[in-house]
1. Would you mind pulling out the separation of the Cα centroids of segment A:610-662 and segment A:82-132, in Å?
2. Take the residue pairs A:K399/A:K450; A:K480/A:K535; B:K27/B:K78; A:K50/A:K70 and return only those whose Cα atoms are more than 18 Å apart.
3. Give me A:C613, A:C479, A:C648, A:C397 sorted ascending by neighbouring Cβ count inside 10 Å, so fewest comes first.
4. Could I have the simple spin-label model distance between A:A255 and A:D686, label points 7 Å from Cα toward Cβ, reported in nm to one decimal?
5. Between B:I41 and B:E115, 0.36 nm times their residue separation minus their Cα-Cα distance comes to what?
6. Simple spin-label model, 7 Å along Cα-to-Cβ: A:K535 to A:M428 in nm?
7. Calculated FRET efficiency, A:A359 and A:T630, Cβ-Cβ r, R0 45 Å, to nearest 0.05?
8. Tell me whether segment A:382-561 comes out rounded, prolate or oblate; compute the Cα gyration tensor, take square roots of the eigenvalues as a ≥ b ≥ c, and use a/c under 1.5 as the rounded threshold.
Amino acid sequence: MQHKMILFYRKKSGVNKLSKLSHDPMMEMFIFETAQLLEQLEEIIINSEKSNSYSAHNINEIFRIMHTIKGSSAMMLYNNISTLAHSMEDLFFFLRETKPSSVNFSELTDLILKGADFIKTELVKIEEGMEANTDSGFLIDEISKFLADLKKANSSIQNCEKEEKSDSKEKQKYYIRSDKFADMSTTKAFKAVIHFEEDCKMENVRAFNVIHNIKDLVSHICYFPSNIIDDDETDEIIRKEGFKILFRADCDIDAIRETLMQTVFLKNLELAEIDNDEERIQLEKQQETANVYPTVHKAAENELEVEAQSQLRGQSMISVSVSKLDELMDLVGEMVIAEAMVVQNPDLKGLELNNFQKAARQLNKITSEMQHIVMSIRMVPLTATFHKMNRIVRDMCKKLGKDVQLKIIGAETEVDKNVIEHISDPLMHLVRNALDHGIEPPEDRQSKGKPQTGTITLEAKSAGSDVLVIVNDDGKGLCKEKLLDRARANGLLHKAEVDMSDREIYNLIFLPGFSTKDSISEFSGRGVGMDVVTKNIESVGGTVSVDSIPDKGTTITLKFPLTLAIIDGMNIKVGNSRYTIPTVSIIESFRPQKEAIITDPDGNEMIMVRGQCHPILRLHERYKVKTNITSLFDGIIIMVEQDSKTLCIFADELLGQQQVVVKALPEYVQRFKRIRGLAGCTLLGDGSISLILDIAGLIRV
Amino acid sequence: MADVTENVMEMEEDTQKGRFLTFSLGKENYGIEIKYVTEIIGIQAITEIPELPEYVKGIINLRGKIIPVMDVRLRFKKEPRAYNDRTCVIVIDIQDVSIGLIVDSVAEVLTIPDEGIVEPPKINRGFNNRYIKNIGKVGNDVMLLLDCEKLLTEDELEVISESV
């Protein structure tokens, strides 16, 4: 939750410069809280829509959120917001109290999201110091109409069919399966008693396995003894009386028998169809009070858990404005430099100072620990960024008439908050692209024999000091011919087509002014997309790559460093200038052999190393630095690699390895232009400045 | 409370108004409004940055803050001169941008009353004229009062188009 605050404050601090209005702490609190509530609301709604049912817990939660927004906005005198929230609250009050059985959920969802969007836009206005007085009347009308319809539709049903109500209640509880086993009457009730072989031990775990195996086949599972997971005593009961399972299924008894017979250590299985499932209902009631099989109530339980966690967290969390964290980070950076200045002080050269060294080591330990902690404070999980995509996928699916589900893996991966800011937009772009260009319409998918529902997978994982974010779709993949045609038409091809590898062809999409979409849609196809993605990712020192298999889908991988602030670097010297190369990209450094140097007719120098030819870049020529060392044999060559491309950098000498704090070049300097090959600068131990080389930038040129 | 701070602010404004830091480049004396000036330091080790216009000498480390330095001589297209112990860096702060100006030497802080300040002659279309906001008269001396904002912003278009 904390990252939300951080991001939010960040956004606001930018606005603060423009408007003095949001300096008011009350106002700030209101905006911050409401925005957070809306985010929660959106998440709940989208999750509920996915499972096609609003659980009682969710309805309560939405009711609570609306109630809070109503109260706070009324206090801040935003009547349009508060009346809107009030009408939504009414709606959910009705849902909560009467639990109507026939609700048009998609309409409800649309309505609530519309309301949320309205409040959001109003909030933005308030933030920017504008008058937030757009009339919310039309939305309120819509909501009250919906509510009236709902009331009308349900009052009749409610009175005459009480039974159905109880049924619907039950369904709600089992809503995970409700789509699969919609009607109780079409399914048959079964009873199974399983006896395990004696001495097989751990009966309860085995019983749990049985449940796990059949849970996809059957519904309404009840079993006795019920608390097999956390009570080892149940072993005894199962041993003596067997493991009793009651369930409903619409498949054949033989199929179930087959599944059950696969149980390991099975001694004896009694399986029979039963007519009335009173026993089951009875057991079910018992279990409701006792322990419940986790998957049946998984959703509900998870929610509880999450809530419990957030409550727990809420108590020990404080929100800090990002500018303070930035300051702290800067200070720690200064300290790291200051420490190096003290410990590596030239005045100490040649002196033997045992106690000093001891104290210095202690200092070093503390500073590095502190650095670590500060970095970890700034690390926030990608959860919020990823979950935002749910909304985008939902909205686009509706508009484009596609059926897509978003799968999120590894959202808990943490990255520096600066990085998050930079990847949020590109990610949105990629998801949009995948949905718009990648995933085919349902009919096409069916004719290709693919599941009708497309899947977009959003995955994050860390790999060393890098984070990988992978956006994958199972759509039609990229069409090489189309890419080449388009590149040819736009004059973007710089290489013979036959020479291009698949990867190079796919990477064409990252060039500015490239779009394969024939028509421009609301969402994508303007050709400004992918190069913006690349630019954004590159600005945090990351890379983008794409891979695609026709008809299997496209995978776009973003790779960027965990943090931008501190890197391990190798300092090198050229003339009087110092440069720092990020250690991660260095492969080796060596002095060249005379026969290994090759010069082509254009004067480009290359070097053969172990049968491979690598280009040589003379830093002193590139940056026009005066140095006495111009012969390749007097200096040193550092081989670096980025994206499986190599480059040999020629420098005067190596100065040593060090952790450096990355600082941006001064704004004034950046205004002139972006200097290719420079990622920033840093302070060295002696107070001098070193320029950090951007290897990707150097290689590309 | 707010009134008090406002008053203080006003007073500060007042004490700074009409005061100029003067420095020399060769024979000419220049003045710079004191409100822009953060500090004056001696010449420091400068780290050169490639691909920048000649007058931006590079960056220096000012107590952990990295700021660019500009050689005002080169900026005004005068002959470069070797730096010596009289050479100073005037650190100015304009719209949250810090920059160091390398000048031959710093003279003093002067108060020039409004009546001592006149507009520069319009006829002279010399290249460095556009950085001169006004001309100040102090006794028999003439001070060229710099327009700091123009010093930073002007010419950029030129530079960018050159580099493209």
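Each value in this text was obtained by applying a stated rule to the coordinates, not by laboratory testing. What you are looking at is a predicted structure, and each value in this text was computed from that prediction instead of being measured. Glycine gets a Cβ as well: all are built from the backbone with ideal geometry, and neighbour counts include every protein chain shown.
1. 60 Å
2. Checking Cα-Cα distances, A:K399/A:K450; A:K480/A:K535; A:K50/A:K70 exceed 18 Å.
3. With the sparsest Cβ surroundings first, the list reads A:C613, A:C479, A:C397, A:C648.
4. Going by the 7 Å Cα→Cβ label model, 7.9 nm.
5. Working: separation 74, 0.36 × 74 = 26.64 nm, distance 3.16 nm.
Roughly 23.5 nm would be gained on extension.
6. So the label points at A:K535 and A:M428 sit 1.6 nm apart.
7. On the way: r = 44 Å, r/R0 = 0.97.
In this case the efficiency is close to 0.55.
8. Oblate shape, in that a/c is at least 1.5 and b/c is the bigger or equal ratio.
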